[in-house]
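Colleague: Questions regarding the structure given below will be posed in turn.
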Amino acid sequence: MPRQVIGILLDGAGSPVANGGISFTADDNYPPSIVLGSRSLIQTSALGAYDVTLADGDYSVRAWRRQSVIIVGKINITDGAAISLPELLEQNQ
């Protein structure tokens with residue numbers, strides 16, 4: 001089942017990242033819905049908000065503002081309630 005990942009993207013100073021980007025790249029094959037290397041790209045809103053629904057699986061994550069990378073990490077998506085990106089990254093440390 002898919003899971004919603006939702007929140008406000010923040011930079012290192014705790015400020016919202018307006019119009020930033022987040023990519024989620026599949027780290028393995030999860031038939032029938034995910035193919036290794038497939039990628040979801042989203043853009044944050046003017047307030048830094050993001051909202052994406054991902055299928056269960058393992059993903060590499062990159063978030064950026066303009067040319068600066070803000071977050072790099074790995075997450076695992078499993079069934080459950082909506083969750084933020086920082087919570088997922090913390091679970092996978």
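The values are calculated or read from the model by the stated rules, or taken from the named source; none is laboratory data. Predicted model, so just to flag it, every value in this text is computed and none were measured. Cβ atoms come from the backbone with ideal geometry, glycine included; neighbour counts cover every protein chain shown. To get the accessible areas, we keep the full protein, side chains included, count just its heavy atoms, and leave off ligands, DNA and RNA. Shrake-Rupley method; radii C 1.70, N 1.55, O 1.52, S 1.80 Å.
Colleague: Along the charge dipole of the chain, Cβ charges K/R +1 and D/E -1, which of Gly20, Ile8, Ser33 sits furthest on the positive end?
Modeller: Highest projection toward the positive end goes to Gly20.
Colleague: Among [x] 15.4; [y] 13.3; [z] 13.8, which one is Kirkwood radius over Cα pairs in Å computed from these coordinates?
Modeller: [y]
Colleague: With a point put 7 Å past each Cα toward its Cβ, work out how far Arg39 is from Ser68 in nm, to one decimal.
Modeller: Placing both labels 7 Å along Cα→Cβ, they lie 2.2 nm apart.
Colleague: Restricting to Cα pairs below 8 Å that are 6+ residues apart, what does the relative contact order work out to for the chain? Please round to a whole percent.
Modeller: Once divided by the residue count of the chain, the mean separation gives 35 percent.
Colleague: Compute the accessible area per residue over the chain, keeping the other protein chains in place, probe 1.4 Å, unit Å².
Modeller: Counting only protein heavy atoms, the per-residue value for the chain is 59 Å².
Colleague: Looking only at the chain, where both bridge partners belong to it, what percent of the DSSP beta bridges are antiparallel (to the nearest 5)?
Modeller: Taking every DSSP beta bridge within the chain, about 95 percent pair in antiparallel fashion.
Colleague: Counting only protein heavy atoms and using a 1.4 Å probe, what share of the accessible area of the chain belongs to carbon plus sulfur, as a whole percent?
Modeller: Result for the chain: 52 percent of the exposed heavy-atom area is carbon or sulfur.
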